[in-house]
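What follows is a short report on a single structure.
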Amino acid sequence: MRQIVLDTETTGLNPRTGDRVIEVGCVEIFNRKLTGNNFHRYINPERDSDEAALAVHGLTTEFLRDKPKFHEIAEELRAFVQGAQVIIHNAPFDLGFLNAEYARLGLPPFSGYCAGVIDTLVQAKELHPGKRNSLDALCDRYEVSNAHRKLHGALLDSELLADVYLSMTRGQNTLTMDVASEHHADGGLVDAGPLGEIIVVAASSVELGEHEQVLAGLDKNVKGSCVWRNYSPRG
């Protein structure tokens, strides 16, 4: 299965008021392994970033002035994600911007090129209700180092999210009840496959005899019947 972890940076918060995409970062996962085949482009938005957005990503108008415009990278990006399942943290935000960019060029929506979309923010809220589920919070929770993240960047954030996603969907490897789920493009759950056979190994007669000796010693120490006498693994 081919998956693409995607993130964008933008000039502001609303494509309907003219805000544009200024950076796209994509990280490829194939059969749950990072391939190193990534896609990263800076884009000249032909406008300034809002002050609040600039404080988040640090990509100045001067830095972006000589970068390609979106129409110059649109086909590259489409070809890279074509037919893959796309993984995004807070998917409506990034898809809203990318769909707007493709609509501006008279092309079908970006989301139409994807085999399906996984929103890791929705997934995280289901797994960890009532907790903070920002990318930074998930990095802390799944022990993914983000110490080098001073500003937001589309490729860096995609790399972090890829590690978080793989950890979040690894299945149960602790005594907690957190269980991750994946979905088909039609929204149905992906079958995780049959559970392995549970093997029960009973204690041998020798082991049971040694256990009885331990209990007898405890009885002697408490001058009566120890608490373990009240517990029967067979009952």
Accessible area of the stretch 1-98 belonging to carbon and sulfur atoms, whole % at 1.4 Å probe: 52
At 1.4 Å probe size, with no ligands or nucleic acids counted, give the accessible surface of Thr35 in Å², nearest ten. 70
For the stretch 10-15, just list the computed ³J(HN,Hα) in residue order, Karplus coefficients 6.51, -1.76 and 1.60, θ = phi - 60°, integers in Hz, with x standing in for Gly and Pro. 9, 6, x, 9, 9, x
Keeping all protein chains in place, calculate the accessible area per residue for the stretch 16-94 (probe 1.4 angstrom), answer in Å². 51
Per-residue counts of other Cβ atoms within 10 Å, averaged by peptide: what ranking do you get for 153-161, 90-98, highest first? 153-161, 90-98
Quick check on packing: order 13-21, 110-118 by the mean number of other C-beta atoms within 10 Å, highest mean leading. 110-118, 13-21
Hey, if we sort Phe70, Phe80, Phe30 by accessible area with the 1.4 Å probe, largest down, what's the order? Phe30, Phe80, Phe70
On a C-alpha basis, how far is the centre of the stretch 1-27 from the centre of the stretch 83-140 in Å? Whole number, if you could? 9
Can you classify the stretch 1-138 as rounded, prolate or oblate using the Cα gyration tensor, where a ≥ b ≥ c are the square roots of its eigenvalues, rounded means a/c under 1.5, and otherwise it's prolate if a/b beats b/c and oblate if not? oblate
So what J values fall out for the stretch 31-41 if you push phi through Karplus, 6.51 cos²θ - 1.76 cosθ + 1.60 with θ = phi - 60°, rounded to Hz, Gly and Pro as x? 6, 6, 10, 5, 9, x, 8, 9, 10, 8, 9
Just to verify a number: what accessible area does Arg32 come out at with the full protein assembly present, 1.4 Å probe, Å² rounded to tens? 90
With all protein chains present, calculate the accessible area of Val56 using a 1.4 Å probe and round the result to the nearest 10 Å². 60
At q = 0.30 Å⁻¹, what is the log10 ratio I(q)/I(0) for the stretch 71-129, with the Debye formula run over Cα points and no solvent? -1.27
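Let me check against my output: what whole-number percent is the relative contact order of the stretch 20-127, with C-alpha pairs under 8 Å and at least 6 apart?
Details: 131 pairs, mean separation 24.6, N = 108.
RCO, the stretch 20-127: 23 percent.
The values are calculated or read from the model by the stated rules, or taken from the named source; none is laboratory data. Treat the numbers as computed from the prediction; the structure is a model and nothing was measured. Heads up, the Cβs are rebuilt from the backbone with ideal geometry, glycines too, and the neighbour counts pull from every protein chain shown. When the accessible area is computed, the model is the full protein with side chains, heavy atoms only, and any ligands, DNA or RNA have been set aside. Shrake-Rupley method; radii C 1.70, N 1.55, O 1.52, S 1.80 Å.
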